[in-house]
1. When only residues in segment C:157-174 that are under 15 Å from residue C:67 (Cα atoms) and more than 8 Å from chain A (Cβ to nearest Cβ) count, which is nearest to the chain's Cα centre (by Cα)?
2. Would you call residue C:33 surrounded by 14 or more Cβ atoms within 10 Å (Cβ to Cβ), at pLDDT 85 or above, touching a His at 6+ places or on another chain (Cβ under 9 Å) and under 17 Å from residue C:119 (Cα atoms)?
3. Given the criterion farther than 25 Å from residue C:77 by Cα, buried (at least 23 other Cβ atoms within 10 Å of the Cβ) and out of contact with any strand residue (DSSP E or B) (no Cβ under 6 Å at 6 or more places or on another chain), identify the matching residue among C:104, C:135.
4. For the condition among the aromatic types (Phe, Trp, Tyr), under 30 Å from residue C:5 (Cβ atoms) and outside any loop (DSSP other than H, G, I, E, B), what is the one hit in C:106, C:123, C:62?
5. Going through segment C:175-206 one residue at a time, which ones are of a type in the set (Val, Ile, Thr) and at the interface with chain A (Cβ under 7 Å from one of its Cβ atoms)?
6. Restricting the search to segment C:89-103, which residues are of a type outside the set (Lys, Arg), in a helix (DSSP H, G or I) and touching a residue at least 12 places away in the same chain (Cβ under 8 Å)?
7. If you check residue B:41 against the conditions, is it within 22 Å of residue A:4 (Cα to Cα) and more than 20 Å from the chain's Cα centre (by Cα)?
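The values are calculated or read from the model by the stated rules, or taken from the named source; none is laboratory data. None of the values given here were measured: they were computed from a predicted structure. Reconstructed Cβ throughout: ideal geometry from the backbone, glycine too, with neighbour counts over all protein chains shown.
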Amino acid sequence: MLNRILPFFLFIWICLVIIGAFLYAPLAEGLGELTRVLYFHVPTAWVTVLAFLTGAVFSVLYLKSKSIKYDYYAESASQLGFVFCILATITGSIWAKMSWGSFWNWDPRETSVFILLLIYAAYFALRSAVEQEDKKAALSAVYSILAFVTVPFFVFIVPRVYTSLHPDPLVNPEGEIHMDAKMLTVFLSSLAGFTVLFIWMIRIKMNLVLIHLKLKEMEN
Amino acid sequence: MEPVYVVLFINLVIWTGLFVYLYKINNQVRKLNGKLQNLQKK
Amino acid sequence: MRTGSFESMVDAFYIFKKDLIQEFKTRYALNAIILFAVVTLTAVSFSIGVISADDDILCAMFWIILFFSSMSGLSHIFVREEETHTADTLKLVTCPTAVYLGKLLFNFMLLLALEIILVPLYFGLMDFYVRHLPLFLIVLAIGSVGLAGGGTIVAAIIAKASSRGALFTVLSFPVLLPLLISGISATRIAVNARSFTEASAELQTLTAYGVVVITVSILLFEFIWNE
């Protein structure tokens, strides 16, 4: 029963977030109308990271249990992550154009989002190159864990080499939050809404995978 | 109409479209699951 | 199969020796990697010509040549085992960790050989002057460990996949990029004759990268190897 109500609740929640982002939240100083991108750009970026993490976790589970469903789960997480990654790149790029004057200038954040896109692309390329199912599962699981381990290095090294213009997402190094209460409310609700949306989407994908596997099993 | 309202409206339409799409798939998946379980019982 | 940690170290050394002997029969990987480096270097030097590039660009160029040359040779070590069907025998004789370490050692030596040829040539042809040579050499050594570590595990993945050639670079690039960026940054510091302490963040990243990638590879390798 809860499963039936939850989607409608999510629908209303995100509608409220959208309305809040456009009408309720005040504009930040110096950013003007651009502030509104924030409520959609940061959550998509967050979901990308979340999907990347989920994919790595499912990959570990696959290697531990060798049960093929985890491989499909990992693939689903990566597909969703890829979509959100593209969305984050596009929204970020629009923001960059409006506030810094160019769509792309290898800002550290832009570099890291680009790396994520590359990793996803490589992951899918690897998957398409291997035919045998269990082989494909093992190889891509290993690759996604390997990629997951190397990504944190970017966080350390990239800002040292390229100076960033990107505002700190939520909390800056001094530990202050640069948002007033109204903005923060909309922002956090948006984060929560997108997270639930991601969970819902991946649940649908996971159920589809289970059906697919059952059908296969029955065919044999 | 002010541009803000236009963009707001477009956003809402996109979200509604996405939601309807997801909701339909969700229902289909649920139905298929039920059918499969019935088949397996037989 | 021998699985003890000391025994697997000994086995790793034997595998390294075996690969070395095999390599010197044909010198396939060595030729490929060094010729690739020389060809790329010539192309770069030829196309830049009389225009002198500034040091920042030369540092980046050096690592790009190093990266793509290593891409042309590092995958060979596992592809050979698959192509000659000797992988199964190795599986019977020793544990995966020993195989990985042996291959890693071989790839590391291959990279060192490449660097011994590439570095003097690059210095000569590109008018590349490093003011802090010890720092540069240390960066190169630590960078090679990471490059060999990441390259070897991706090579193992690629050897099991059906399309071998093109995918290797595509798969390695995102994984090796942190190494590349910190390597370039550290080389810039070395070129501008600054001290070790200024490059400490880069050196730490390079070292940590090598350690993490090799550790994770040892943990994951058996899943690829036994596939």
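1. C:172
2. Numbers: surrounded by 14 or more Cβ atoms within 10 Å (Cβ to Cβ): yes; at pLDDT 85 or above: yes; touching a His at 6+ places or on another chain (Cβ under 9 Å): yes; under 17 Å from residue C:119 (Cα atoms): yes.
It is true that residue C:33 is surrounded by 14 or more Cβ atoms within 10 Å (Cβ to Cβ), at pLDDT 85 or above, touching a His at 6+ places or on another chain (Cβ under 9 Å) and under 17 Å from residue C:119 (Cα atoms).
3. Working: C:104 fails: farther than 25 Å from residue C:77 by Cα.
Of C:104, C:135, the one residue that is farther than 25 Å from residue C:77 by Cα, buried (at least 23 other Cβ atoms within 10 Å of the Cβ) and out of contact with any strand residue (DSSP E or B) (no Cβ under 6 Å at 6 or more places or on another chain) is C:135.
4. On the way: C:123 fails: under 30 Å from residue C:5 (Cβ atoms); C:62 fails: under 30 Å from residue C:5 (Cβ atoms).
Testing whether each residue is among the aromatic types (Phe, Trp, Tyr), under 30 Å from residue C:5 (Cβ atoms) and outside any loop (DSSP other than H, G, I, E, B) leaves just C:106.
5. Looking only at segment C:175-206, we keep the residues that are of a type in the set (Val, Ile, Thr), and these are C:175, C:181, C:184, C:187, C:189, C:191, C:197, C:205.
Passing the criteria: C:175, C:181, C:205.
6. Going through segment C:89-103, the residues of a type outside the set (Lys, Arg) turn out to be C:89-90, C:92-102.
Now drop any that are not in a helix (DSSP H, G or I), which leaves C:89-90, C:92-93, C:96-102.
C:90, C:92, C:93, C:96, C:97, C:98, C:99, C:100, C:101, C:102 - these are the residues of segment C:89-103 that are of a type outside the set (Lys, Arg), in a helix (DSSP H, G or I) and touching a residue at least 12 places away in the same chain (Cβ under 8 Å).
7. On the way: within 22 Å of residue A:4 (Cα to Cα): no; more than 20 Å from the chain's Cα centre (by Cα): yes.
The answer is no for residue B:41.
Residue-by-condition table, conditions (1) out of contact with any helix residue (DSSP H, G or I) (no Cβ under 8 Å at 6 or more places or on another chain); (2) closer than 15 Å to residue C:224 by Cα:
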position: C:90; (1), (2): no, yes
position: C:101; (1), (2): no, yes
position: C:133; (1), (2): no, no
position: C:147; (1), (2): no, no
position: C:156; (1), (2): no, yes
position: C:165; (1), (2): yes, no
position: C:169; (1), (2): no, no
position: C:179; (1), (2): no, no
